[in-house]
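Student: Before we start, here is the structure in question, set down as structure tokens.
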Amino acid sequence: MAHPYVLLSAAVSLDGFLDDTGPARLLLSGPEDFDRVDEVRATSDAILVGAGTLRTDNPRLLVNSPERRAARVAAGLPEYPLKVTVSASGDLDPDAQFWHTGGAKTLYTTDKEAERLRGLLPADVDVVALGPDVEWRAVLDHLGNVKGVRRLMVEGGGRVHTQLLRQGLADELQLAVAPLLVGQAEAPRMFGPGAYPPGRMRLLETRTVGDVVLLRYVPTAPGTGSLASAADRRWLETACELAAQCPPSRTAFSVGAVIVAADGTELARGHSREGGDPVVHAEEAALAKLDPADPRLPGATVYSSLEPCARRSSRPAPCARLILEAGVRRVVTAWREPDTFVQSADGSALLTAAGADVVILPEYEERAKAPNAHLLPPSTRP
């Protein structure tokens, strides 16, 4: 299932607050940053806010620029992005501006609240029941696979930002840091306490926008177990890029691999036929660059554009076995190995039988196949 690219967007004070405790909304951004946010909205497929933000701020969530709206229409898109909110309690005001401005709207809620809300809210609001609880992965699955959303902008509030980041579901964080201090302990913060993914985020960009500073970060820490995180997708994308660097071959696949520690530190990378070795595999090349006693390996994740091999004729040990011998117990891959060179290849079964978690992200399969198109039957080529 293809999740949207999830962008968390907020303006914060120097001490990390989204607002103060006064009756009026604290304006943290200036005209230049409001225009930047309008541009980000215009390039998004959907904009999401939590029900708490609807209650406290009564936002419209529109693309304000007529030129940007016209550009969307010219590109075959709706004039406005889809507006989305989430509410487990169903505590929503049917007169809020959110429901009566812009284009299409979707509400995600529980089975218990869905029928009541369908009778309460305007008829054009798509009320989606997700079961007894509202889970973020279910929301993102539905947005990606049913609504066709590929880029989701999340504008708050702090509880929503916290939940998405803690669950490893945020692909990017954009913070506009305003030159003022709030200092009120009761004021809402961008992020609440809790267990967040470990390690340091990667800084993509920093620039001034009027008198605020825009910071763009992406998470790097792999997911855990069988659940994929946003960082897993980014690292698997890197593995697919490495596969495209392989010297082409008529007798072997082009594969890329990256090994990443639990805190998001890249340990090693490799690709097929690296260094002029005609038979070296990507995972093998990456593992060879590490000390087998590296204490980070048991908690690491191997990202491979193609399922690690279970059998091979060119070396004594297949890559799935090398991964297990290194102590790694989590693998993320894009594409199951076809029978092109090995019949009934099933490296995933070898890994899972030994207790490893194997996560397959089929949305990257076409990218993994691309440098191998010449090896595939025409009907299976990307």
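Student: Report yes if some residue within region 366-379 is closer than 19 Å to I259 by Cα, in a loop (DSSP other than H, G, I, E, B) and either in contact (Cβ under 8 Å) with a residue 12 or more places away in the chain or not aromatic (F, W, Y) (or both); otherwise report no.
Tutor: no
Student: Can you find a residue that is touching a residue at least 12 places away in the same chain (Cβ under 8 Å) and over 23 Å from Y80 (Cα atoms) anywhere in region 139-157?
Tutor: No, the conditions are met nowhere in region 139-157.
Student: Check P188 against each of (1) in contact with a strand residue (DSSP E or B) (Cβ under 8 Å, 6 or more places away or on another chain); (2) at pLDDT 95 or above and name the one condition it does not meet.
Tutor: Going through (1) in contact with a strand residue (DSSP E or B) (Cβ under 8 Å, 6 or more places away or on another chain); (2) at pLDDT 95 or above one by one, P188 breaks only (2).
Student: Would you point out the residue of region 1-42, among those that are of a type in the set (S, T, N, Q), in a loop (DSSP other than H, G, I, E, B) and surrounded by 15 or more Cβ atoms within 10 Å (Cβ to Cβ), that is modelled with the highest pLDDT?
Tutor: The residue in question is S13.
Student: Where in region 150-214 are there strands (runs of 3 or more DSSP E), lying fully within it, with 3 or more residues that are surrounded by 18 or more Cβ atoms within 10 Å (Cβ to Cβ)?
Tutor: Output list reads 151-154, 172-177.
Student: Turning to a different aspect of this structure: Could you tell me how many of the residues in region 48-87 are surrounded by fewer than 18 Cβ atoms within 10 Å (Cβ to Cβ), free of Cβ contacts under 8 Å to residues at least 40 places away in the same chain and β-branched (V, I, T)?
Tutor: Residues that pass the stated criteria total 1.
Student: Sort through L297, L290 and tell me the only one that's under 26 Å from P362 (Cα atoms) and of a type in the set (A, V, I, L, M, F, W, C).
Tutor: L297
Student: Given the conditions (1) touching a Leu at 6+ places or on another chain (Cβ under 9 Å); (2) touching a residue at least 40 places away in the same chain (Cβ under 8 Å); (3) under 30 Å from T220 (Cα atoms); (4) not in a loop (DSSP other than H, G, I, E, B), and given that Y108 satisfies all but one, which numbered condition is not satisfied?
Tutor: Status for Y108: all satisfied but (2).
Student: A88 passes all but one of (1) among the small types (G, A, S); (2) touching a helix residue (DSSP H, G or I) at 6+ places or on another chain (Cβ under 6 Å); (3) within 19 Å of A129 (Cα to Cα); which number fails?
Tutor: Here A88 meets the rest and fails (2).
Student: Among the residues of region 270-303, which ones are in contact with a helix residue (DSSP H, G or I) (Cβ under 8 Å, 6 or more places away or on another chain) and part of a helix (DSSP H, G or I)?
Tutor: Of everything in region 270-303, those that are in contact with a helix residue (DSSP H, G or I) (Cβ under 8 Å, 6 or more places away or on another chain) and part of a helix (DSSP H, G or I) turn out to be E274, G275, A282, E283, E284, A285, L287.
Student: Against the definition (part of a loop (DSSP other than H, G, I, E, B), assigned by TED's automatic domain parsing to the domain that holds L54 and surrounded by fewer than 16 Cβ atoms within 10 Å (Cβ to Cβ)), how does P132 come out, yes or no?
Tutor: Criteria met by P132.
Student: Okay, moving on. If I ask for residues that are within 25 Å of P382 (Cβ to Cβ), in a loop (DSSP other than H, G, I, E, B) and either in contact with a Ser or Thr (Cβ under 8 Å, 6 or more places away or on another chain) or among the β-branched types (V, I, T) (or both), which ones from region 217-244 would you list?
Tutor: Result: A244, single match.
The values are calculated or read from the model by the stated rules, or taken from the named source; none is laboratory data. Because the structure is predicted, anything quoted here is derived from the model rather than measured. When we count neighbours, we look across all protein chains shown, and the Cβ atoms used for this are built from the backbone with ideal geometry, even at glycine.
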